[in-house]
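Novice: Here you go, one structure.
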Amino acid sequence: MLVAPSILSADFGILAKEIVSICEAGADLVHVDVMDGHFVPNMTIGPVVVKSVAQTSTKPLDIHLMVEDNGFFVDMFAPLKPRYISFHYESEKHHHRMAQKIRNYGISPAIVINPATPVEFLKEIVKYVDMVLLMSVNPGFGGQKFIPIYDKIRELKELIKTNNPDCLIEVDGGVNDKNIKELKEAGVDIVVAGSYIFSHKNYEEAIKSLK
């Protein structure tokens, strides 16, 4: 199990220190939530802050776009060379084109679906991405309660086996030590955890409990 702490739950007053702490505590990726205030009812961080995160982090970035104009934000963040840039199925008209745009930058493309979006919608795009991110909360805010999506994960796992066996499954939202075992058993490769890790007194213990 790979763990990607979401800095949405970090203390932004000491963000550089928080980034160093989670990297030293065993994070595999640093998850960066980018929200535009249009696709979701919240705004987070732009390129200046994310550039600072990239310079501070010793682990690869996992940038999750929750925006309406995906192409604009891909062009903005691609120079930072994250490992993944993920875009929402629901906000993009041309899924294949967007995945290819990200790959052309030398970055792994990933696609995201909200809790109410069926897995079957991914049938034609899954072969063109390196990761699928399943939201287990409705996007926009940290600290939300986990929505059980275990059947959805298993369905996605079967779709991936048939169409793109190397594609990874990531889950984001309400992940903690109570649901991690069932998530792993369902087929999850990477978990995003924000409030669970950053509300813990010891980040290393929190990450270890998930692994």
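Novice: To the nearest 0.05, what FRET efficiency results for Glu24 and Asp189 with a Förster distance of 25 Å applied to their C-beta separation?
Specialist: 0.65
Novice: Compare Leu156, Leu80, Leu65 in a GNM of the chain, Cα atoms joined below 10 Å, and give the one with the largest fluctuation.
Specialist: Greatest mean-square fluctuation among the candidates belongs to Leu80.
Novice: Summing Lys, Arg as +1 and Asp, Glu as -1, what charge do residues with Cβ under 11 Å from the Cβ of Pro139 carry, Pro139 excluded?
Specialist: Net of charged neighbours comes to -3.
Novice: Which links in Lys123/Lys161; Lys145/Lys181; Lys59/Lys101; Lys152/Lys184 stretch past 21 Å when you go from one Cα to the other?
Specialist: Long pairs (Cα-Cα over 21 Å): Lys59/Lys101.
Novice: Let me ask you something else. Looking at the range 91-165, which trypsin sites (Lys or Arg not before Pro) are in a loop (DSSP not H, G, I, E or B) and have at most 11 other Cβ atoms within 10 Å?
Specialist: In loop regions of the range 91-165 (DSSP not H, G, I, E or B), the sparsely surrounded trypsin sites (Lys or Arg not before Pro) are Lys93, Lys145.
Novice: Give the relative contact order (percent, whole number) for the range 2-210; include only Cα pairs under 8 Å separated by 6+ residues.
Specialist: Computed value for the range 2-210: 21 percent relative contact order.
Novice: Using the Cβ atoms and a cut-off under 9 Å, what net charge is assigned to the surroundings of Ala186, where Lys and Arg are +1 and Asp and Glu are -1?
Specialist: Counting the neighbours of Ala186, the net charge comes to +1.
Novice: Name the residues of the range 77-103 whose amide N is less than 13 Å from a point 7 angstrom out from the Cα of His38 along the C-beta direction?
Specialist: Taking a point 7 Å out along Cα→Cβ of His38, the residues of the range 77-103 whose backbone N falls under 13 Å are 91-93.
Novice: Next question, about the same structure. Calculated FRET efficiency, Tyr105 and Val49, Cβ-Cβ r, R0 22 Å, to nearest 0.05?
Specialist: Once the sixth-power term is evaluated, E becomes 0.65.
Novice: Now for a different question. Using the basic label-point model (7 angstrom from Cα toward the beta carbon), what is the Lys181 to Asp166 distance in nanometres?
Specialist: Placing both labels 7 Å along Cα→Cβ, they lie 3.4 nm apart.
Novice: From the square roots a ≥ b ≥ c of the eigenvalues of the alpha-carbon gyration tensor of the chain, which class results: rounded (a/c under 1.5), prolate (a/b over b/c), or oblate?
Specialist: oblate
Novice: Now for a different question. Mind listing the phi-derived Karplus ³J(HN,Hα) values for the range 37-43, rounded to whole Hz, using 6.51, -1.76 and 1.60 with θ = phi - 60°, and x for any glycine or proline?
Specialist: Computed from phi, the couplings for the range 37-43 are x, 10, 5, 10, x, 7, 10 Hz.
A short reminder: the numbers here are calculations on the coordinates, not readings from a lab. This is a predicted model, so every value here is computed, not measured. Glycine gets a Cβ as well: all are built from the backbone with ideal geometry, and neighbour counts include every protein chain shown.
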